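Only one structure is covered here, and it is reproduced in the block below.
The values are calculated or read from the model by the stated rules, or taken from the named source; none is laboratory data. None of the values given here were measured: they were computed from a predicted structure. No Cβ is skipped: glycine too gets one built from the backbone with ideal geometry, and neighbour counts run over all protein chains shown. Only protein heavy atoms, including side chains, enter the accessible area calculation; ligands, DNA and RNA are left aside. Shrake-Rupley method; radii C 1.70, N 1.55, O 1.52, S 1.80 Å.
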Amino acid sequence: LNNPTEIDYEAFKRNILRKSGIDLNLYRQEQMYRRLKGLVERAHLQSFAAYFRLIEKDPKEWTNFLDRMTINVSELFRNPEKWEQLRDAFLGPWVKQGRKLRIWSAGCSIGAEPYSLAMILDDLCPGGRHYLLATDIDEKILEQAREGVYTQEAIKHVPAHYRQKYLRESGGRYEVLPPLRLAVTFRKHNLLGDPFETNWDLIVCRNVVIYFADEAKKRLYTRLREALVPGGILFVGGTERIQYYRELGFDIPLPFFYQRVD
Ligand SMILES: C[S@@+](CC[C@H](N)C(=O)[O-])C[C@H]1O[C@@H](n2cnc3c(N)ncnc32)[C@H](O)[C@@H]1O
């Protein structure tokens, strides 16, 4: 450490870790630093130390901090053709075999992803008793997710017959119907800190790791693999590739779908 700004930022990272369990060192350093520095400036403060005092005493500012360090952009059926593949190659056949599935949407943001899963599953087999867990580090976004109300933009890729069956329009907003909402369990969880539940048939972790440092990403994929049942699938984002996937114990039955071998 050779300058006051660096010392200030290092102390800030330690404070955040102590307060929330969020280890900012596990994110891409330059991007994270730039984003957070922007927050300090916007608050008209001179240092990270002053900014930490602010978010300590004002819950609104804390929420604002979380909002900015996580990026919550999402929509239902993001990359629709991949969702079709998910249904046809995996979920459909599994449901046909009568399996009760355990599915985890990790980094679920506004809930668009778990509700997309819930729609597919209910449509394949109404009333099937699967377990659908959806987690995110951001508590505020989870509240929004539980409400399940979306803009026209967020639902534009929902297939028409799902739209009719599972969404209700009111004043230009689209609400996920209550039975579907009840099919999803939402919970706060930090992928870079908390223990994982195991025995998942499917883990959906898309557009979450973009800001994770390479080491953190590799460790995460290793842990996600361990959390799958043998043959289980990890579904990643449309711009994401797992490096050294073979070494980590994955196969690729289809692009963006990683299968746990053995
Ligand atoms: C861009 S959204 C992706 C939402 C959805 N998976 C999709 O693909 O549309 C990224 C989400 O990851 C969450 N996130 C970021 N870091 C996380 C962490 N360490 N643990 C859990 N969730 C995290 C953010 O809060 C945000 O809601």
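Observations, loosely collected:
- When residues of segment 39-81 are limited to those that are within 11 Å of the ligand (Cβ to nearest atom) and touching a His at 6+ places or on another chain (Cβ under 9 Å), the one most open to solvent (accessible area, probe 1.4 Å): Arg78
- Flag for Ala227 being within 12 Å of the ligand (Cβ to nearest atom), of a type in the set (Gly, Ala, Ser) and open to solvent by less than 30 Å² (accessible area, probe 1.4 Å): no
- Long-range neighbours under 7 Å by Cβ, at least six apart or interchain, first residue of a type in the set (Lys, Arg) within segment 168-195, second in a loop (DSSP other than H, G, I, E, B) and away from the ligand (no atom under 16 Å from the Cβ): Arg168/Leu177
- Selection within segment 199-220 - out of contact with any helix residue (DSSP H, G or I) (no Cβ under 6 Å at 6 or more places or on another chain), farther than 19 Å from Asp138 by Cα and open to solvent by less than 10 Å² (accessible area, probe 1.4 Å): Leu202
- Segment 104-131 - residue that is of a type in the set (A, V, I, L, M) and either open to solvent by less than 10 Å² (accessible area, probe 1.4 Å) or assigned to a helix (DSSP H, G or I) (or both) and, of those, farthest from the ligand (Cβ to nearest atom): Leu124
- Annotation: of all residues in segment 1-38 being surrounded by 13 or more Cβ atoms within 10 Å (Cβ to Cβ), without any contact (Cβ under 8 Å) to a residue 40 or more places away in the chain and among the basic types (Lys, Arg), the one that is nearest to the ligand (Cβ to nearest atom) is Arg35.
- Strands (runs of 3 or more DSSP E) contained in segment 149-262 and holding at least 1 residues among the acidic types (Asp, Glu) and within 18 Å of Ser105 (Cα to Cα): 200-205
- Every residue from segment 230-262 that is under 24 Å from Arg28 (Cβ atoms) and surrounded by 12 or more Cβ atoms within 10 Å (Cβ to Cβ): Leu234, Phe235, Val236, Gly237, Gly238, Glu240, Ile242, Tyr245, Leu248, Phe250, Phe256, Tyr258
- If you filter segment 132-166 down to residues that are without any contact (Cβ under 8 Å) to a residue 40 or more places away in the chain and within 18 Å of the chain's Cα centre (by Cα), you find that the one that is surrounded by the most Cβ atoms within 10 Å (Cβ to Cβ) is Gly148.
- The one condition from (1) open to solvent by 20 Å² or more (accessible area, probe 1.4 Å); (2) touching a residue at least 24 places away in the same chain (Cβ under 8 Å); (3) within 15 Å of the ligand (Cβ to nearest atom) that Ala89 does not meet is (3).
Yes or no, residue by residue, for (1) within 19 Å of Phe186 (Cβ to Cβ); (2) at pLDDT 95 or above:
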position: Arg42; (1), (2): no, no
position: Thr70; (1), (2): yes, no
position: Lys82; (1), (2): no, yes
position: Leu91; (1), (2): no, yes
position: Arg102; (1), (2): yes, yes
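- Considering segment 189-218, and only residues there that are within 9 Å of the ligand (Cβ to nearest atom) and β-branched (Val, Ile, Thr), the residue that is modelled with the highest pLDDT turns out to be Val204.
- Subset of segment 236-260 [aliphatic (A, V, I, L, M) and in contact with a Phe, Trp or Tyr (Cβ under 7 Å, 6 or more places away or on another chain)]: Val236, Ile242, Leu248, Ile252
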